[in-house]
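Report on one structure; see the data block that follows.
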Amino acid sequence: MSSLMDNLALTKAILSNPQMIRVKPAVNLFMLQYLRKFSVRNVGGNLVIHSHLPPVNSHAYSRFIDEHLLGGINGPSHAQVGVTNACPQGCEYCYNRYKAGEPMDRETILRLVADLKRMGVFWLGLTGGEPLLNKHLVEIVESAADGCAVKLFTTGCTLTPQRAADLKRAGLAYVSVSLDSPDEAEHDRIRRYPGAYRTALQAIDIFQELGGVHVSVSAVLGKPMLHEDRVEELLRFLAGLGIDEAWLSECKPAVQGLWSPDEVITEEERGMLLRVQDRRNRDGGMTVNYLGHFEGREHFGCNAGNKMIYVDAFGNVSPCVFAPISFGNVTERPVEEIFGEMKSCFPTENRCFINTNYALMRKYYRGSSPIPVEDTRSLMQEVRFGPLARFNQLRSS
Ligand code: SF4
């Protein structure tokens, strides 16, 4: 928290949710301490902490308090939906790389979004493939935006100023453009797409010129990037773009080629990213939002399969985008029923599920992704979960 303005904005946001007073004092204190690590950004009237939470003055945030903190709803809070698997880029680490099947149609996606909202989802990530390639994207955003903070994950391919304006009008709160390196050749090589870097910068420009949508860059940090000087170099570059947020994640062992201890982040590397994030955010300017901070043992932990659900473009339900296992398909069974079964296998815990259990993926993988339902059930028998993260310890104490 860097300024008087931030304190005023946060106080105003907290007062706009007076029902917070009924939340357990220890949980309230935790939330306050967590929120104070970030500056509040006013984006078109939305007061944003970071793009993994709804704006604190939004209806979606009130639903977080009413339904999840006070109401004890059993459904997920966060969902990601793949609206197409098509993508012109070819990232090695892409969690959808080896998937195939019959894509969900418009009606299925719209019904799914409505079901997820009813179940408790107040934050929805639209992903792909490249989600801009779904011609119904604006309609999908519009159907979700009332009561849900919608975030678009995009490479920027095919974006036009008109499409961006349509998405904003539909209620898009956040856009996250993929950019993995400040170096043009390196980014294009990682993405296996000449022009990926320029496409990303152009998409950022389009949304910045439009205004009113929170703009972040999502950077997936492969092992060569997990050094403090390289991360700082990337953040200096991103800050120079004038974006609202740098969203960072280490490269997760989501696909076959990465199921090796050499590819998985170490505790020292995670500690370095936590330090860099906190230092940057204390200094103010662009928000730095490292996924392993939000989902670390010190904060909310891993909510895969418990408060988080992922439905890929073919309708397969997984606990998280990075976990290539499936509990069923929404074209065959109601999503609520599938989620209920998945949740019964997933207590929340303080470690990243996929970073901890990638070796089991190797054991059960038989050449098709995601691992089918029967094999997923067998795999889950072998998982040993760790203790709860701080937030869930406080909630259950
Ligand atoms: S498995 Fe890892 S990436 Fe997925 S929700 Fe859990 S912590 Fe996040």
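What follows draws every value from the coordinates through simple rules; no lab data is involved. Since this is a predicted model, take the numbers as computed values, not measurements. A quick note on method: Cβ atoms are made from the backbone with ideal geometry, for glycine too, and the neighbour counts reach across all protein chains shown.
Rounded, prolate or oblate: which fits the stretch 318-397 when a ≥ b ≥ c are the square roots of the eigenvalues of the alpha-carbon gyration tensor, with rounded for a/c under 1.5 and prolate only if a/b beats b/c? Because a/c hits 1.5 or more and a/b fails to exceed b/c, the stretch 318-397 counts as oblate. Here the Debye sum runs over all C-alpha atoms of the stretch 77-152 as equal scatterers in vacuum, and log10 of I(q)/I(0) at q = 0.22, 0.25 Å⁻¹ comes out as -0.99, -1.19. Considering every alpha-carbon pair of the stretch 248-387, the percent of pairs per 10 Å bin, from zero through the bin containing the longest distance, is 12, 40, 32, 13, 3, 0. If you take the beta carbon distance between LYS135 and GLU268 as r and set R0 to 41 Å, what does 1/(1 + (r/R0)^6) give as a FRET efficiency, to the nearest 0.05? Taking R0 as 41 Å, the efficiency between LYS135 and GLU268 is 0.35.
Once each of the GluC sites (Glu not before Pro) sitting in a DSSP loop with at most 16 other beta-carbon atoms within 10 Å is removed, the chain keeps 93-297 as its longest stretch. What trypsin sites (Lys or Arg not before Pro) in the stretch 288-366 are in a loop by DSSP, with at most 10 other Cβ atoms within 10 Å of the Cβ? Answer in residue order: ARG366. Among ASN289, ASN42, ASN96, which one shows the highest mean-square fluctuation when the chain is modelled as a Gaussian network with alpha-carbon springs under 10 Å? Its mean-square fluctuation being the largest, the pick is ASN42. One chain, two ends: LEU210 and GLN33. Fully extended at 0.36 nm per residue, the span grows by 60.4 nm beyond their Cα-Cα distance. The distance between label points at ASN42 and ARG362 comes to 5.3 nm (points 7 Å beyond Cα on the Cα→Cβ vector). Toward the positive end of the charge dipole of the chain, with +1 on the Cβ of Lys and Arg and -1 on the Cβ of Asp and Glu, the farthest Cα among ILE325, ASN28, GLN80 is that of ASN28. Within the shell defined by Cβ-Cβ distances under 13 Å, the residues around GLN208 carry a net charge of -3, with Lys and Arg each +1 and Asp and Glu each -1. If only the Cβ of Lys and Arg carry +1 and only the Cβ of Asp and Glu carry -1, the dipole of the stretch 252-374 around its Cα centre is close to 180 debye. Once the chain from LEU15 to ALA165 is taken as fully extended at 0.36 nm per residue, the excess over their C-alpha distance is 50.9 nm. With helices as the sole contributors, the chain gives -12000 deg cm²/dmol at 222 nm; each DSSP H run of n ≥ 4 counts as -39500 (n - 2.57), and the sum is divided by every residue. The dipole here belongs to the chain: it is taken about the Cα centre, uses +1 on the Cβ of Lys and Arg and -1 on the Cβ of Asp and Glu, and is about 800 debye. If R0 equals 41 Å, the separation of the Cβ atoms of ASP105 and ALA185 corresponds to a calculated FRET efficiency of about 0.60.
Listing ILE354, ILE309 from fewest to most neighbouring C-beta atoms within 10 Å gives ILE354, ILE309.
Legend: distances between Cα atoms for LYS37/LYS117; LYS99/LYS135; LYS12/LYS343; pairs beyond 31 Å are LYS12/LYS343. Could you tell me which of rounded, prolate or oblate describes the chain, using a ≥ b ≥ c as the square roots of the eigenvalues of the alpha-carbon gyration tensor, with rounded for a/c under 1.5 and, failing that, prolate when a/b is larger than b/c and oblate otherwise? Rounded. Its Cα centre serving as origin, the stretch 7-77 has a Cβ charge dipole (Lys and Arg +1, Asp and Glu -1) of approximately 200 debye.
Taking other C-beta atoms within 10 angstrom as a stand-in for reagent exposure, ASP66, ASP146 fall in the order ASP146, ASP66, fewest first.
For the chain, modelled as a Gaussian network with Cα springs under 10 Å, which listed residue fluctuates most, ALA165, ALA173, ALA100? Ranking ALA165, ALA173, ALA100 by mean-square fluctuation puts ALA100 first.
Sorted fewest first by neighbouring Cβ atoms within 10 angstrom, TYR98, TYR34 come out as TYR98, TYR34.
Using a Gaussian network for the chain with springs between C-alpha atoms less than 10 Å apart, which of these wobbles most: ALA246, ALA203, ALA86? Highest fluctuation of the listed residues: ALA86.
Taking every alpha-carbon pair under 8 Å whose residues sit at least 6 apart, the stretch 118-178 reaches a relative contact order of 40 percent.
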